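Colleague: I have a structure here, written as structure tokens, and I will follow up with some questions on it.
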Amino acid sequence: MANGTWKIARRGNTQLPLVIVFALAVALVLLGRAQANLFDRARTVIIDKLQPVLVVAHAPVTQFDRWIGSINELFTVYRENLQLKDENARLKQWQTVAVVMQDRVKRYQLLLHAVPDPDVHSVLSQVIGRATGLSSRP
């Protein structure tokens with residue numbers, strides 16, 4: 001029976017603070033709507049007083065954000081490094097192919113006794129003239 005009494009007393013004690021908290025919340029909401037300017041001024045004063053504390057409290061959060069950003073950047077650099085290594089390996093294969101082809105072309109030129117193309121220098125110009133010969137008109 002004492003156990004049953006304890007449950008009833010406990011249930012009653014936990015409901016009373018809940019009702020008080022709810023009533024205070026409703027009262028603050030109603031007061032906040034009625035006196036919005038008062039709460040705005042109070043909030044401004046409180047924030048102004050706590051501003052140095054907030055700056056000090058915000059410093060570790062900023063450092064943590066920078067640290068997380070640097071870790072993210074580290075993973076990005078690692079991924080880019082892997083991609084560049086793959087690209088470098090592909091380019092080395094193409095370089096090997098190009099060297100083999102260049103040697104093959106040199107051997108073909110030797111076999112064919114090919115003369116290298118001379119450097120041709122050209123100049124662009126307009127020609128203005130009149131035809132002096134007979135022209136065929138229909």
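Derivation of every value follows stated rules applied to the coordinates shown; laboratory data play no part. Nothing here was measured: the structure is a model prediction, and the numbers come from that model. We place every Cβ from the backbone using ideal geometry, glycine too, and count neighbours over all the protein chains shown.
Colleague: Using the 2.2 N^0.38 Å rule of thumb for compact globular proteins, work out how region 34-107 stacks up: its C-alpha Rg over that value, please. Mind showing how you got there, number by number?
Modeller: On the way: Rg = 30.1 Å, N = 74, 2.2 N^0.38 = 11.3 Å.
That works out to 2.67 for region 34-107.
Colleague: Just want the answer: with Cβ charges of +1 for Lys and Arg and -1 for Asp and Glu, which residue in 47, 81, 60 is farthest toward the dipole's positive end in region 39-131?
Modeller: Projecting each Cα onto the dipole axis, the largest value belongs to 81.
Colleague: Another question, then. Taking the simple approach of a point 7 Å from Cα along Cα-to-Cβ for both residue 61 and residue 28, what is their distance in nm?
Modeller: 1.9
Colleague: May I pose another question? Sort the following peptides by mean Cβ neighbour count (other Cβ atoms within 10 Å, averaged over residues), highest first: 80-88, 110-118. Write out the running numbers ahead of the final one.
Modeller: On the way: 80-88: 10.0, 110-118: 7.4.
Ranked by mean Cβ neighbours within 10 Å, highest first: 80-88, 110-118.
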